[in-house]
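Values quoted throughout were computed directly from the atomic coordinates according to the rules given, and no laboratory measurement underlies them. As the structure is a prediction and not an experimental result, all values here were calculated from the model. Using ideal geometry, Cβ is built from the backbone for each residue, glycine included, and neighbour counts are taken over all protein chains shown.
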Amino acid sequence: MHDPIAEIPYVAEADDTQYRVIHLPNQVWKCSPIAALENLFDNAHHHYVHTLLGDRGSPEPLKPEVIQETDDGIYFKSDMRNHTTSLQRNVWGIEDDEIILDREFIWHMPFFARITLRLPNGLRNVTLILFSPISKSETLWTNIVFRNDSANPSATAEDIIKLGLAIGAEDQAILETLHLNVPLEPKMQQHMATDKPGIIMRRKFSDLLRLHEEVENSPNA
Ligand SMILES: [Fe+2]
């Protein structure tokens with residue numbers, strides 16, 4: 001192992017007593033961590049990949065409010081039209097069948113992401129997701145949830161874990177069908193508008209490899 005190239009990002013919620021923490025069980029996914037990150041920041045995928053998130057009846061994604069490159073990643077503000085499920089209504093305290101989910105995403109290079117949901121009832125649900133490459137064909141999925149309802153928990157940890165695992169399993173199922181080697185050169189694949197964060201990611205990974213004098217694997221490797 002080499003020295004770390006970056007500090008572990010600070011998570012303010014971990015020091016805030018308003019928040020409780022729920023650890024989901026780690027899982028090994030047979031996919032590329034870059035593909036998994038790109039999927040997370042693709043605001044069209046929910047309506048097609050997920051039955052437990054998004055809105056298959058109105059799958060056109062909302063235009064992101066912000067896609068901003070940062071020193072170590074991306075800040076992405078992108079709300080989502082969402083047809084709720086009973087588990088969502090229970091875990092997030094939603095009463096309506098339809099809701100626009102207020103969502104903020106932050107990517108810290110290389111493989112750390114945080115998603116903040118702000119629900120109308122004041123609940124903040126912060127999910128940390130790490131896609132850690134553990135072999136050439138395996139990624140360790142780590143998912144940790146912070147919620148600002150420690151004084152009066154509004155859902156059981158069991159249900160919070162159940163929802164996170166169910167949504168994660170839908171991502172895993174599609175990601176494991178993709179090629180393990182993601183080409184960093186955007187021209188190697190076709191793209192659509194919602195791939196913009198992913199294209200920024202590929203450029204930043206290319207820059208990172210160059211900075212550390214590493215070479216990308218052949219696309220066919
Ligand atoms: Fe997803």
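Listed values, structure above:
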item	result
Value in Å of the Kirkwood radius, where segment 12-211 supplies the Cα pairs that are averaged	17.4
Amide H contacts of Asp149 (H built 1.01 Å from N, under 5 Å, at least 5 apart or other chain)	Arg20
Axial C-alpha extent at least 15 Å, average Kyte-Doolittle at least 0.0 - helices from the chain (DSSP)	157-175
The chain, dipole about Cα centre (Lys/Arg Cβ +1, Asp/Glu Cβ -1), debye to the nearest 20	260
Positive-pole candidate from Ala169, Ala6, Thr142, dipole of the chain, charges at beta carbon	Ala169
Mean separation of Cα contacts under 8 Å (6+ apart) over length of the chain, as relative contact order %	25
Rough spin-label spacing in nm, given labels placed 7 Å along Cα→Cβ, for Lys63 and Tyr48	2.2
Extended-chain gain in nm, criterion 0.36 nm per residue less alpha-carbon gap, Asp102 and Val28	23.7 nm
